[in-house]
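See structure below.
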Amino acid sequence: MPEVLGNLGRLMVDAYSIWLQARSAVTSARYTIAMPAGESSLRVIAIVSAQAPEYRVDLVDTPAIDDVATYHLRLMPLRRPKENRLRELWVGETDYLPRKAIIAGNFTVAPLVDVPWTIDFSIVDGAPYIARESAEQTLYLAHHRVVRDAVVAFQDIREPNGSLYDTPLIEPEQSDSALTEPPD
């Protein structure tokens, strides 16, 4: 069992946010063709909307990860590099789900935000989950603590049974039948 070295801060990256950033980086403009519903002398033949890209994206190569063809993308943040932490990303060629990522820092406190991390994903029932996060450099913590080869790993990754929205995080002390009207 690994030793817990205190509060590391809040996790700053999850599979869904990486997928959203990757999708945003790759598809920075949308094009829609529309016809007007009302009468007009001019026909609308196209509506073009664009959002400012967060990254410059370069295709590095197309390797296979776990027998899945991927696009290996290099991402260079165009602004806010401390917030836009993705540096490299491997996404499936057909589903665009993340398979691996390299990010510039993890969590919210030093030294975790100051070193690159590699994130490996598992795809479970069509959804990406973080399987492992590995620091690429030695972590120098407070009180002269040194952590080499730091890894955060998740085991037994599976889809939860039932809905998470209908399940309380803690068991209530009383049932709903214990609610009463306030006295008059």
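The values are calculated or read from the model by the stated rules, or taken from the named source; none is laboratory data. Treat the numbers as computed from the prediction; the structure is a model and nothing was measured. Every residue, glycine among them, receives a Cβ derived from its backbone with ideal geometry; neighbour counts consider all protein chains shown.
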Selected residue (criterion: surrounded by the fewest Cβ atoms within 10 Å (Cβ to Cβ)) from residues of the stretch 71-85 that are in contact (Cβ under 8 Å) with a residue 24 or more places away in the chain and in a strand (DSSP E or B): Leu73
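Which residues, counting only those in the stretch 86-113, are acidic (Asp, Glu) and not in a strand (DSSP E or B)?
Glu93, Asp95
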From Ala127, Ala104, Ala178, residue being over 22 Å from Ala69 (Cα atoms) and at pLDDT below 90: Ala178
Pair list, Cβ < 9 Å and 6+ apart or interchain, from the stretch 52-70 residues that are farther than 19 Å from Asn84 by Cβ to residues that are aliphatic (A, V, I, L, M) and surrounded by fewer than 16 Cβ atoms within 10 Å (Cβ to Cβ): Thr62/Ala69; Pro63/Ala69; Thr70/Ala64
Any hit, the stretch 123-140, residues being surrounded by 18 or more Cβ atoms within 10 Å (Cβ to Cβ), in contact (Cβ under 8 Å) with a residue 12 or more places away in the chain, aliphatic (A, V, I, L, M) and touching a Lys or Arg at 6+ places or on another chain (Cβ under 7 Å): no
